[in-house]
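In what follows, a structure is listed as structure tokens, so that the remarks can point back to it.
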Amino acid sequence: MSEHPNIIWLTLDSVRYDHTSMSGYERNTTPNLQALANRDDGVSFSSCFSHARSSPASVPSILSGTYPSRHRTYFGNSTQFPGELPLVSELLSDVGYRTIGVSNNGYASALTGLDRGFDSFTLLGSTPREILQSVGVTNLLKYLVNIRRHSVGFSTDFHAHSGAYLLNELTKEELQASEQPLFCYVHYNEPHRAYHPPLPYLDTFTDDIEMGPEEAASVAMDVHHNLVDIVANGCDLSEAEMEALIAMYDAEIAYTDELVGNLLDLIDDRLDETIVVVTADHGELFGEDDMLAHKYSLHNAVLNVPMVVAGISDLSESGVVQHSDIVRTALEIASADTETIQGVDLRTDSREYAISQSGEGDLDPLLDRNPDFDRAKFYTGEYSAAQDGEYKYVQRSDDPRLYRLPDEDENLTEECDERASEMDAWLSEWLETEGKPVGTGSEVEVDDTMRERLADLGYLDHEM
């Protein structure tokens, strides 16, 4: 491999590993990712765990190779990435890379300062005028011509539309061979809720459920628009409704996998030696911890994400890995500075524990809907979890928990008190050293358009 291979990093929002083909899932949702993993130099990690449960903290960790408690972005009062820590784009730019970012998630943008170090960074707009400004007339016309194939048709419910096609077209424009090596970060917002796949995908996984495609899509949209009420009242969905919700989610994954495959074909055609990484920033809950979406809980349905890497030979898929490990490995290959990166080089090393963190939460939206909501179930202070593939320890000051995986219901802190104490001591020491913050970012005033966009994603205090 050359000293400076191209590096393409694709993040799919809200994909849980156990709903991908690589996991042996009953539905073939990700054949293109499976094909990438099947390459001679490809690998799929079954035990990749995100650093956080949601995009505001997870994406900065991906783009910096650091933990939420270190960069503090949306992990406290700071809403921007701190200037004291470099981003991957800056580290690669320093060694001669051309750096490109294309995103359909507001938390992967200038809002959080994550566009720093990119030669070109485009956030797909959320209003018709913004979309036109970000993609241009030609791409918008192509999208409108294909709107029944790549979205829901001419629906007035903007939440049901998909921007993945436009994201692909923008990325294709940037993927031109040049004398400089290329780092390209792409953030698809699919299959983040609302789960409404494009029209040709509506019936992809409805043959084995009670509802037809249109009814299932209607249920998924109803859950999206009424999520806070549904969760506040115990996620009391019928079996048929949950099946419909999951079928629409899986279909969104399948559609996104198709576009990823299309982009991978272009990469193979246009670029020479290239490291390709495809992962997710976090997963999604479908009743685990009596919760939907990905707020409040550090259950592994939220943390265990797909991680497919091609272009690096002889990587072992065993053991737990995290985004920061892939970041360090790629940067080491590119001869970039890795002093601030908190992962390990997977070609020569492995990690003992994967660490995931949750910032402060607020149960008020749920309590406003249902004063009897069980507030004891979810800890609202900052807390961390460590796991090694066998055990998972959740360090909560109110109620520490030890699980023997894959079970995350039975608390074994008393039964296995020695193991719990050992993991608690390890995590406490880590928080006092590697987990300490470096610098502080600033507060950013969010305008009404961006506030509405973030509310749609469920990340403002009053939303789910």
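Laboratory data are not the source of any read-out in this text; all were calculated from the coordinates shown. None of these values were measured; they are calculated from a predicted model. Here the Cβ positions follow ideal geometry from the backbone for every residue, glycine too, while neighbour counts run over all protein chains shown.
Adding -39500 (n - 2.57) for every DSSP H run of four residues or longer, then dividing by how many residues the chain holds, sets the calculated 222 nm ellipticity at -10000 deg cm²/dmol.
Using 0.36 nm per residue of separation minus the Cα-Cα distance, give me the extension gain between ASN77 and ASP269 in nm, one decimal. Provide the component values of the computation, followed by the final result.
On the way: separation 192, 0.36 × 192 = 69.12 nm, distance 4.47 nm.
So the chain would gain 64.7 nm between ASN77 and ASP269.
By how many nm would the segment from ASP417 to SER23 grow when fully extended, if each residue of separation counts as 0.36 nm and the alpha-carbon distance is taken off? List each step's numbers first, then the result.
Numbers: separation 394, 0.36 × 394 = 141.84 nm, distance 3.20 nm.
Gain on stretching ASP417 to SER23: 138.6 nm.
Placing R0 at 45 angstrom, the Cβ-Cβ distance between ALA35 and ASP372 gives a FRET efficiency of 0.35 after rounding to 0.05.
Using Cα pairs closer than 8 Å and at least 6 residues apart in sequence, work out the relative contact order for the stretch 13-71, in percent. All intermediate terms of the calculation are to be shown ahead of the outcome.
Details: 45 pairs, mean separation 10.3, N = 59.
Over the stretch 13-71, the number comes to 17 percent.
Under a 5 Å amide H cut-off, with hydrogens placed 1.01 Å from N, THR122 pairs with GLY101, VAL102, SER103 among residues at least 5 apart or on other chains. What does the charge count near TYR185 come to, summing +1 for each Lys or Arg and -1 for each Asp or Glu among other residues with Cβ under 14 Å from its Cβ? Within the 14 Å Cβ shell, the charges total -4. Distances between placed amide hydrogens fall under 5 Å for ILE275 paired with ASN6, ILE7, ILE8, all partners being 5 or more residues away or on another chain. Out of all DSSP beta bridges in the chain, what portion is antiparallel? Express it as a percent rounded to 5. For the chain, the DSSP antiparallel bridge percentage is about 50.
Grab the beta carbon distance between ASP229 and GLU174, set R0 = 41 Å, and tell me the FRET efficiency rounded to 0.05. FRET efficiency, ASP229 to GLU174: 0.50. When the listed pairs LYS172/LYS295; LYS377/LYS436; LYS295/LYS436 are checked against a 30 Å cut-off, the alpha-carbon distance exceeds it for LYS172/LYS295.
Karplus-derived 3J(HN,Hα) values for the stretch 301-310, using 6.51 cos²θ - 1.76 cosθ + 1.60 with θ = phi - 60°, are 4, 8, 8, 7, 10, x, 8, 10, 10, 10 Hz; glycine and proline are entered as x. First check a/c for the stretch 4-113, with a ≥ b ≥ c the square roots of the eigenvalues of its C-alpha gyration tensor; if it is under 1.5, answer rounded, and if not, answer prolate when a/b is larger than b/c or oblate otherwise. In terms of gyration-tensor shape, oblate.
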